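For reference, the structure discussed in these notes is given below.
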Amino acid sequence: MKSKNLSRVPAFILMVFLALQLVPQQLLAQSNPEQNVTAVLWFQRSAEYRALCYQAFNLAELRIKEYLPKLDREKHPVVIFDIDETLLDNSPQEALNIAEGKSYSPEAWTAWTEKASAEAVPGAVEFVRFLAQNEIEPIYLSNRMGAEGTMTLLNLQNCNFPYADRNHLYLKSDTSSKEFRRSMIEKQHEVVMLVGDNLSDFDMVFEDRSVNFGYKTVDSLRADIGRKFIILPNPMYGDWTKPLTGDRKSWLKK
Ligand SMILES: [Mg+2]
């Protein structure tokens, strides 16, 4: 019966439905750019956002000072950083999308990264430079595409991030999951800390948000947060939007 009913569905509707399954859920959640106004305003205009960034990097520095005497220098200690909304502030592009009434598009994103003009997240440059002074190298692990490498490095250099070179940059080649690239880095280094705005920047266990919005996973790894994992605030986009499809009323706590 099922296949018989399916055959009555016009082919083009079926194609649209199938195409929608291929669209990242993050994009679906942002399909109306107006929905992002409050998030971008908070990111760009709240002193609270700025304070939270300082809080994250102050805590990170405190932890590193604790770890310094115990580090095995022969293992080449590193800190892994995500780039977007962790070190570089791309909110001007989010704001432009709202102003133009457009959703995210790879073309608009590439046009933005080609400018290499993103400003640093508050406190980020100082923290990475503090690491360098203590002979801990940063690894820049991003889901920007390989073709964006040159301008990404230029942007990091413009902001005075140290070690902004090809040897310290791991970009996306095929999969968005950072797990394989993290494992490659771990083979060569002792990873002292990971810094990101998305929990998936830390470990692949955070990629699945289908059960309880991922809360249980966070609870189970609570002891690592603020120690091995340092998280930056980002209300504009992220894996947290993955479960947000369907009935809006079901998302909201009252
Ligand atoms: Mg990010």
Q: Indicate the gyration tensor shape class of region 84-232 (rounded, prolate or oblate), computed on the Cα atoms with a ≥ b ≥ c the square roots of the eigenvalues: a/c under 1.5 is rounded; otherwise a/b larger than b/c is prolate and the rest oblate.
A: oblate
Q. What do you get for Rg/Rh over the chain if you use C-alpha atoms and the Kirkwood form of Rh?
A. 1.00
(Q) Probe radius 1.4 Å, ligands and nucleic acids ignored: give me the carbon and sulfur share of the accessible area of region 2-250 as a rounded percent. (A) 56 percent
Q) What does the helix-only formula give at 222 nm for the chain: each DSSP H stretch with n ≥ 4 adding -39500 (n - 2.57), the total divided by the residues, and the result rounded to the nearest 500 deg cm²/dmol? A) -12500 deg cm²/dmol
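Which whole-number value in Å² is the accessible area per residue of region 118-197, probe 1.4 Å? Could you put the intermediate results ahead of the total?
Values: 3590 Å² over 80 residues.
Value returned for region 118-197: 45 Å² of accessible area per residue.
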Q) Farthest toward the dipole's positive end in the chain, which of PHE206, MET151, LEU194, given Cβ charges of +1 (Lys, Arg) and -1 (Asp, Glu) about the Cα centre? A) PHE206
Q: Once you've got the GNM for the chain with C-alpha springs shorter than 10 Å, pick whichever of LEU96, LEU153, LEU232 has the biggest mean-square fluctuation.
A: LEU96
Q: Kindly report, to the nearest 10 Å², the accessible surface of THR150 as traced by a 1.4 Å probe over protein heavy atoms only.
A: 90 Å²
Q: Just need the relative contact order of region 2-250 here, percent rounded to a whole number, with Cα pairs under 8 Å and 6+ apart.
A: 27 percent
Q: Rounding to the nearest 20 debye, state how big the charge dipole of region 83-239 is about its Cα centre with +1 on each Lys and Arg Cβ and -1 on each Asp and Glu Cβ.
A: 200 debye
Q.
Testing the spin-label approximation: label points 7 Å from Cα along Cα→Cβ at HIS76 and GLN188. State their distance in nm.
A. 0.5 nm
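The values are calculated or read from the model by the stated rules, or taken from the named source; none is laboratory data. Quick caveat: nothing in here was measured; it's all calculated off a predicted structure. Methodologically, a virtual Cβ is constructed for each residue, glycine included, from the backbone with ideal geometry; neighbour enumeration extends over all protein chains shown. For the accessible areas, the whole protein counts, side chains as well, though only heavy atoms, and no ligand, DNA or RNA atoms are used. Shrake-Rupley method; radii C 1.70, N 1.55, O 1.52, S 1.80 Å.
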